[in-house]
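The values are calculated or read from the model by the stated rules, or taken from the named source; none is laboratory data. Everything quoted here is computed from the prediction, not taken from an experiment. Neighbour counts run over all protein chains shown; Cβ positions are idealised from the backbone, glycine included. Heavy atoms of the whole protein, side chains included, go into the accessibility calculation; ligands, DNA and RNA do not. Shrake-Rupley method; radii C 1.70, N 1.55, O 1.52, S 1.80 Å.
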Amino acid sequence: MTKKSKDTVEKERRWLLKAKPEEIFDNIYKTAEIEQFYTSDGWRYRNMENNENGKIMFTKTKKVRISRGVNEERETTKITKKEYDNEFPGTRVVRKTRYIIEHNGKKLEIDEFNSCNLVILELEGVEMEDSVSFPDWVEKYILMEITGNPVFDNYNLADTDIESEEDDYSAIDENDFWSDREEDDSDNDDDDN
C-alpha cells in the first residue's frame with residue numbers, strides 16, 4: 001500500500017437517467033473506465049483508467065453512510081495493481097464508463113453501467129436541500145432523483161441481472177423508496193461514484 005488519505009465527508013446526489021444523453025459527446029470534459037468490486041469486510045477496490053491519457057489508478061476505500069447523500073470515507077489507500085489483482089474479484093463487481101462534463105462550475109458525472117442498462121448522474125458537493133440545475137440536454141433524460149436509494153447503490157448493482165430493455169424504471173414512484181425506510185447507516189451502503 002502506498003498512500004492513505006484522512007477521513008473525508010463526501011456529499012453527493014444522484015439521478016437515474018432514461019438513457020445516455022445523445023449530446024454527451026459534444027460536451028465531454030473527460031472519460032474513464034471503472035471496475036470496482038466489494039469485499040465481504042466492507043472494502044471497495046477500484047481500478048480507474050483515464051481514457052484521455054491512459055493512466056490507471058488503483059484504490060481501496062472504506063465508506064460509511066452518515067445520512068442520505070452523505071458518506072464518510074474512513075480510509076482511502078492507493079494500492080498497486082498486484083494488490084488489486086490479489087483481492088479480485090471480491091464478492092461483487094461493477095464495471096462502468098464515466099463521462100464527466102462541466103456545468104456552472106461543477107463536474108457532472110454520468111455513469112453508464114456495463115452489466116445492466118442503467119445510466120446514473122452524480123453531482124458531488126451539494127446538500128439535499130440545495131437547488132441544482134442541469135443543462136437542458138441532460139435535464140430531459142432525468143427520470144428521478146435516487147440519492148440514498150439502496151436499490152441503486154453501486155454495491156447493490158454489482159453482479160446484478162438487471163436486464164435492460166424490459167425494465168421500465170420510469171414507472172417507479174420516487175416516494176415509494178422513502179415511505180417505509182429510515183436512514184440506513186450500514187457499512188456496505190455505497191452511494192458513491
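Please list 3J(HN,Hα) in residue order for the stretch 136-147, calculated via the Karplus relation 6.51 cos²θ - 1.76 cosθ + 1.60 where θ = phi - 60°; whole Hz, with x for glycine and proline.
Result, rounded to whole Hz: 3, 5, 8, 3, 5, 9, 6, 8, 5, 7, 10, 3.
Each residue of the stretch 89-97 in turn: what ³J(HN,Hα) in whole Hz from Karplus with 6.51, -1.76, 1.60 and θ = phi - 60°, glycine and Pro shown as x?
x, x, 9, 9, 10, 10, 10, 8, 9
Excluding Ile100 itself, what net charge comes from residues whose Cβ is under 13 Å from its Cβ, given Lys and Arg +1 and Asp and Glu -1?
-3
In whole Hz, what ³J(HN,Hα) sequence does the stretch 49-65 give by Karplus (6.51, -1.76, 1.60; θ = phi - 60°), x for Gly and Pro?
10, 6, 5, 7, 10, x, 5, 10, 10, 10, 9, 10, 9, 10, 10, 9, 6
Hey, which of these cross-link pairs are over 21 Å Cα-Cα: Lys20/Lys63; Lys30/Lys107; Lys107/Lys140; Lys20/Lys60?
Lys20/Lys63; Lys20/Lys60
Glu75's amide H: which non-local residues (gap 5+, or another chain) put their own amide H closer than 5 Å, with H modeled 1.01 Å from N in plane and none for Pro or chain starts?
Hits under the 5 Å cutoff: Lys62.
List the residues whose amide H sits under 5 Å from the amide H of Leu108, counting only those 5 or more places along or on another chain, with H placed 1.01 Å from N in the peptide plane.
Ile101, Glu102, His103
Express in Å², to the nearest 10, the accessible area of Asp26 obtained by rolling a 1.4 Å probe over the protein heavy atoms while all chains stay in place.
My reading of the accessible area for Asp26 is about 130 Å².
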